[in-house]
Amino acid sequence: MAVAPRQRAAVGAGLRAFLRKPMNVALLVALPPAVIFMYELAVDPISAAPGIDLTPGAADLGGALFATAFLAGLLGLFQVVGTAQSDRRLVVCGYHPAEVLLARLLTVLIAGGLVAGITFVTFWVRTDVTPARPLVAFGALLGAALVYALVGVCLGALFGRELEGSLVLVFLADIDSFGSIGVVPTESAVLDYFPLATPHDMLHEAVYGGTVSGGDVATVLGYAGALAVLGVVLVAHGGDLT
Amino acid sequence: MPNLENKSVPDNDQTTTSEWVIRGTDIEKTYDSWLPFGRTVEVLTEATLTINESELVGIVGGNGSGKSTLMKILVGVLERDGGEVERRGTIGWCPQETLLYDRLTVRETMQLFGSGYGLDSATIRERQAWLADRFEYEEYLDTRVDHLSGGNQQKVNLSVALLHQPDVLLLDEPYTGFDWETYQTFWEFTDELAAQGTAIVVISHFVEEHDRFDRIYELQDGSLERQNVADSEEVS
């Protein structure tokens, strides 16, 4: 049998497995508006604190980025942990390991697009912010989803368990989204290397400046490429830390 | 505890002239941990066996004796530390745990694994209908795996291994959860397959009907000892 129908079957199975989990659907629908609302509540008092200099709309941007990152990360994590054992059987049944891995990555990317779409619509509808270039703003969230979906894949391969992986993921996404909007009062450049730093810059530019930097796009794609390589290595060699 | 006493016979006592389909020689496996104070468990030391076509072979052993480890190594999903494994022909593997995608329906499951075997959709549908009829789960074809009873999940688990009519079947506790009727169907089916040339290995913590098997091995202290089937029958 040709590769394409097998990939379709494997990707379709991965997407069905994700979307038929009621908790995942509930999170997709409820998390983005809830997070954006909570960020507005939390960030406004913080912005009044001395030493903190936030741009207007920072709470909305931070909320959208966190919701995208967390949901996409969960997706990558669940995809790797939830199917690991059954994927081995799929390999015994004739799939090449690379085919299975590709199917998992494609599933994560497609579902990551869905996550970015939902958060983008929520961001546009639920906030007062109107992006100057909506398509680029969506692209920025798509970049954040792509990067964090792959972070989830890496965490899933490292921990091999959903609970431990989710805890690390929520901690990382929290620090990262707050750091990207400038809530963390530090002069250190380390936050510039966090996964959401560049997607935030892209989103900010798209919303307020109506511009997009080729360098930012390349940085996001490079970041995702590096994470994809790391994810493949971790999945292939295992790395169960628990 | 296996219901066999230690009545080993030499493995070169095989009189069959048929072709081997799986050969394992001096298989070794130790579970180790890289963490400090982790336990090291030596599971297989020098397990050796040969499975020929048309044979029905049983492997018994107590809990934790390494039966599933041996089967995973024979199938190729687990790396061995030492020894050799050679395989010929296609393999059907029914693992002890139902390794299926919980949220897929039975029909989707068959389509997915069937595509792995290289079967076209029409052949998958035909084989799936035949297996569902044989093991009596036709009404559950559009039911999600996680909504099936344990026994029906096991039927699907077994059916996935049988879908492509493999040359050798490796079955790890295959009849767990089966009712009596399905249990009988299972044995009728394995007899038919063996008569058609399929080699079948059944792993179980105990074997009740020894006369069904051509050979029975007991896994003890990491190695396999062949049991005399006639003697085993007297024991049971």
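Structural remarks
- Cross-chain or 6+ apart pairs with Cβ under 8 Å, region A:106-134 first and under 30 Å from A:VAL153 (Cα atoms), then outside any helix (DSSP H, G or I): A:PHE123/A:VAL129; A:TRP124/A:THR130; A:TRP124/A:PRO131
- In region B:96-107, the residue that is surrounded by the most Cβ atoms within 10 Å (Cβ to Cβ) out of those that are of a type outside the set (Lys, Arg) and more than 7 Å from chain A (Cβ to nearest Cβ) is B:VAL106.
- Single match in A:VAL207, A:VAL229 (criterion: at pLDDT 90 or above, over 30 Å from A:ALA103 (Cβ atoms) and in a helix (DSSP H, G or I)): A:VAL207
- Applying the criterion of being within 14 Å of chain A (Cβ to nearest Cβ) and over 18 Å from B:VAL21 (Cα atoms) to the residues of region B:160-186, the residue that is surrounded by the most Cβ atoms within 10 Å (Cβ to Cβ) is B:VAL160.
- Taking the numbered list (1) crowded, with 20+ Cβ neighbours inside 10 Å; (2) more than 14 Å from chain B (Cβ to nearest Cβ); (3) not in a helix (DSSP H, G or I) in turn, A:TYR95 passes all entries but (2).
- Test: residue in region A:58-80 that is under 19 Å from the mean Cα position of the chain (by Cα), within 10 Å of chain B (Cβ to nearest Cβ), closer than 30 Å to B:GLY118 by Cα and surrounded by 15 or more Cβ atoms within 10 Å (Cβ to Cβ): no
- Filtered residues of region B:129-150 (kept if within 14 Å of chain A (Cβ to nearest Cβ), assigned to a helix (DSSP H, G or I) and touching a residue at least 12 places away in the same chain (Cβ under 8 Å)): B:VAL145, B:ASP146
- Sole residue being surrounded by fewer than 21 Cβ atoms within 10 Å (Cβ to Cβ), of a type in the set (Asp, Glu) and in contact (Cβ under 8 Å) with a residue 60 or more places away in the chain, chosen from A:ASP201, A:ASP174, A:ASP192: A:ASP174
- Subset of region A:48-90 [in a loop (DSSP other than H, G, I, E, B) and of a type in the set (Gly, Ala, Ser)]: A:ALA48, A:ALA49, A:GLY51, A:GLY57
- Strands (runs of 3 or more DSSP E) (entirely within region B:171-234) containing at least 1 residues that are modelled with pLDDT of 90 or more and within 14 Å of B:LEU158 (Cβ to Cβ): B:199-204
- Residues considered: A:GLY156, A:GLY152, A:GLY139, A:GLY214. Of these, the only one that is under 14 Å from the mean Cα position of the chain (by Cα) and over 25 Å from A:ASP60 (Cβ atoms) is A:GLY156.
- Contact annotation: residue pairs with Cβ atoms under 6 Å, 6 or more positions apart or on different chains, pairing a residue in region A:7-24 that is more than 8 Å from chain B (Cβ to nearest Cβ) with a partner that is of a type in the set (A, V, I, L, M), are A:GLN7/A:ALA103; A:VAL11/A:ALA103; A:VAL11/A:LEU106; A:PHE18/A:ALA111.
- Which listed residue is within 22 Å of A:VAL121 (Cα to Cα) and not hydrophobic (A, V, I, L, M, F, W, C), from A:GLY12, A:GLY51, A:GLY63: A:GLY63
- Scanning region B:113-128 for residues that are surrounded by 14 or more Cβ atoms within 10 Å (Cβ to Cβ) and either more than 21 Å from the chain's Cα centre (by Cα) or touching a residue at least 24 places away in the same chain (Cβ under 8 Å) (or both) turns up B:PHE113, B:GLY114, B:SER115, B:TYR117, B:GLY118, B:LEU119, B:THR123, B:ILE124, B:ARG125, B:ARG127, B:GLN128.
- Of the set (1) modelled with pLDDT under 90; (2) assigned to a helix (DSSP H, G or I), all apply to A:THR186 but (2).
- Residue check for A:LEU101: at pLDDT below 90 and either within 14 Å of chain B (Cβ to nearest Cβ) or farther than 19 Å from A:GLY179 by Cβ (or both): yes
- Residue match in region B:48-68 (condition: within 14 Å of chain A (Cβ to nearest Cβ), within 18 Å of the chain's Cα centre (by Cα) and closer than 17 Å to B:VAL168 by Cα): yes
- Within region B:108-122, the residues that satisfy the criterion of being more than 22 Å from A:ARG104 (Cβ to Cβ) and facing chain A (nearest Cβ under 10 Å) are B:LEU119, B:ASP120, B:SER121.
The values are calculated or read from the model by the stated rules, or taken from the named source; none is laboratory data. Keep in mind that this is a model prediction, so the values were computed, not measured. We place every Cβ from the backbone using ideal geometry, glycine too, and count neighbours over all the protein chains shown.
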